[in-house]
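K.L.:
One structure coming up, written as structure tokens, with questions to follow.
The values are calculated or read from the model by the stated rules, or taken from the named source; none is laboratory data. Owing to the predicted nature of the structure, the values given are computational and were not obtained by experimental measurement. Cβ placement follows ideal geometry from the backbone for every residue including glycine, while neighbour counts extend to all protein chains displayed. Surface areas here come from the heavy atoms of the whole protein model, side chains and all, with no ligands, DNA or RNA. Shrake-Rupley method; radii C 1.70, N 1.55, O 1.52, S 1.80 Å.
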Amino acid sequence: IQGPYRTTPARENVRAGDPSNQKLVRATAELVVQSLGWLKENGMLTVSVLESLPISRDQFPTDGMFRPIFERVLNAIRTEAFLPTSTDENRNRDFVAGIDAKIARSAELRRLLPPAQLTQLWASTSPLNWISEEISNAPRQPLCSYLREDVQVEEITAESFVRRLTREFLEQKSDQWLADFYSFLGSQAVWLKRYCSGRRDSLEVPFIDKLIIRLDSGAHVSVLKPNGALAAYLPPDGPTGFPCVKREVVAAKEAEKF
């Protein structure tokens, strides 16, 4: 930072409590945020830029001279669209404010829940979007930690996703979406191990009480009836009187396997 700061007589230090210096620090904080806007407008706001920002709370203590820069950047990241989102199929890049952003624990979640469906499931009054996979794929890196802990961007896990599911949301989804969803559930080995070991409650297996099974009739049921019996079966080759999972849903090998 270059500026006409007032120093001690020997110029060995900058006076933190000097009003003029404090004004310069606040002006610098505004300049940082204005620069972020300029970089975005000119196609140069990248993850690397965000990583170079003052994002380490430990390096900017509450009583530190440069704390206002940390605070101003934090507020800007939280409320203005400076976070790069996941790219779409055309590799287009958009930006989202921290208050409207989510971090996906896995790529499968981003595929299952494009922004419109993410917004619907989280019942948000403003459009939500996923943060770039460049950030979320490095959960232990400083930038991702900063977004979770300081900006307070929620990280969506497989469990938090499944626990949000509602009958209305599932009934609106296509057979192909359900097939992809079953494949996703099949990848959650820890849940399947608990289920197969008989630990069949929602605390151990989050999908157990959700109406995830679509029958041939189009109705949705949970995996088990209240008495613990199976609520549906895989469809046979011919007709049957038993309630069966819709054939189009389990046509995919991974879905049938789940």
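K.L.:
If amide hydrogens are placed 1.01 Å from N in the peptide plane, which non-local residues have theirs closer than 5 Å to the one on Val96?
P.N.:
Phe82, Leu83, Thr85
K.L.:
Once label points are set 7 Å from the Cα along Cα→Cβ at both Glu168 and Arg148, what is their separation, rounded to one decimal in nm?
P.N.:
Placing both labels 7 Å along Cα→Cβ, they lie 3.1 nm apart.
K.L.:
Taking the full set of protein chains and a 1.4 angstrom probe, give the accessible area of Glu154 in square angstrom, rounded to the nearest 10.
P.N.:
Solvent-accessible area, nearest 10 Å²: 70 Å².
K.L.:
Then there's this: Could you give the accessible area per residue of the stretch 122-191, probe 1.4 Å, as a whole number in Å²?
P.N.:
Dividing the accessible area of the stretch 122-191 by its residue count gives 47 Å².
K.L.:
Per DSSP helix of 4 or more residues, -39500 (n - 2.57); summed, then divided by the residues of the chain. What does that give at 222 nm, rounded to the nearest 500?
P.N.:
That calculation yields -11000 deg cm²/dmol at 222 nm.
K.L.:
Within the accessible area of the chain, what % is carbon and sulfur when the probe is 1.4 Å and the other protein chains stay in place?
P.N.:
That fraction is 50 percent.
K.L.:
Continuing with this model, one more query. Provide the FRET efficiency to the nearest 0.05 for the Val14-Thr62 pair, computing r from the beta carbons and using R0 = 22 Å.
P.N.:
Computed FRET efficiency for Val14 and Thr62: 0.75.
K.L.:
Long-range amide H contacts for Lys210: which residues qualify at under 5 Å (H placed 1.01 Å from N, peptide plane, sequence gap of 5 or more or a different chain)?
P.N.:
For Lys210, the qualifying residues are Val223.
K.L.:
Placing +1 at every Lys and Arg Cβ and -1 at every Asp and Glu Cβ, with all other atoms neutral, what dipole size does the chain have around its Cα centre, in debye to the nearest 20?
P.N.:
Dipole magnitude for the chain comes out near 400 debye.
K.L.:
Taking the simple approach of a point 7 Å from Cα along Cα-to-Cβ for both Asp237 and Val49, what is their distance in nm?
P.N.:
Modelled inter-label distance: 6.2 nm.
K.L.:
Residue farthest toward the positive end of the dipole of the chain, with Cβ of Lys/Arg at +1 and Asp/Glu at -1: which of Leu128, Val250, Ile69?
P.N.:
The residue sitting farthest along the positive end of the dipole is Ile69.
K.L.:
What is the distance, in nm, between label points placed 7 Å from the Cα along the Cα-to-Cβ direction at Ser126 and at Gln2?
P.N.:
In this crude spin-label approximation the distance works out to 3.7 nm.
K.L.:
Where the centre of each part is set by its Cα atoms, how far does the stretch 206-225 sit from the stretch 155-199, in angstrom?
P.N.:
11 Å
K.L.:
Right, next: Leu31 to Leu192: extension gain in nm, 0.36 nm per residue of separation minus the Cα-Cα distance?
P.N.:
Stretched fully, the Leu31-Leu192 segment lengthens by 52.7 nm.
K.L.:
Rounded to the nearest 5, what % of DSSP beta bridges with both residues in the chain are antiparallel?
P.N.:
Here the antiparallel bridges make up roughly 55 percent for the chain.
K.L.:
Mind putting a number on the dipole of the stretch 64-146 about its Cα centre? Charges go on the C-beta only, +1 for Lys and Arg and -1 for Asp and Glu, and I need it in Debye to the nearest 20.
P.N.:
240 debye
K.L.:
Still on this structure, I have one more. Using the heavy atoms of the protein chains alone and a 1.4 angstrom probe, what is the accessible area of the stretch 208-258 per residue in square angstrom?
P.N.:
61 Å²
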